[in-house]
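To start, the structure itself, in structure tokens.
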């Protein structure tokens, strides 16, 4: 998951949890922690190298944002899990800019390809169905275009941000706009 702490963005992954012992990766660096939640959102963290930290976590109403208070500082923290990142990226793609590819912002599986190379497709046409996080999503083209190449097939496992279909502008559509 992605965690925003002020202006810093970190990728955080839980490796293991056994009782109070937690192993996490933050930006590819492993941390072995002893993590104890006390009352009222106060926690105590002991690192593998013997450093001790205390913090107060105040959860916002949205459930993904926190205010973290330490002895000397206060930090705004926002947790962007896979679902929130997926939805944010989908909304970002609706900005109306030109489009030269179809991609899934998350890893998943291709369910069905709905077009063929060379097809001319109109804006809003669904061209591929991808399953990610147990949800199927149809990806649509934003503008009239031509399917330049299809880089995947049904049942392929895909990575996040992997190009699935390459698009080219439809010269006929460009002429019609002039």
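Helical runs assigned H by DSSP (4 residues or longer) give the chain a calculated mean residue ellipticity at 222 nm of -3000 deg cm²/dmol, each run adding -39500 (n - 2.57) before division by the residue total.
Relative to the 2.2 N^0.38 Å rule of thumb, segment 98-171 has a C-alpha radius of gyration ratio of 1.00.
The angle between the Cα long axis of helix 82-92 and the longest principal axis of the Cα atoms of the chain comes to about 40 degrees, rounded to the nearest 10. Normalised by residue number, the volume inside the convex hull of the Cα atoms of the chain is 154 Å³ per residue.
Laboratory data are not the source of any read-out in this text; all were calculated from the coordinates shown. Everything numeric here is computed off the predicted structure, so don't read it as measured data.
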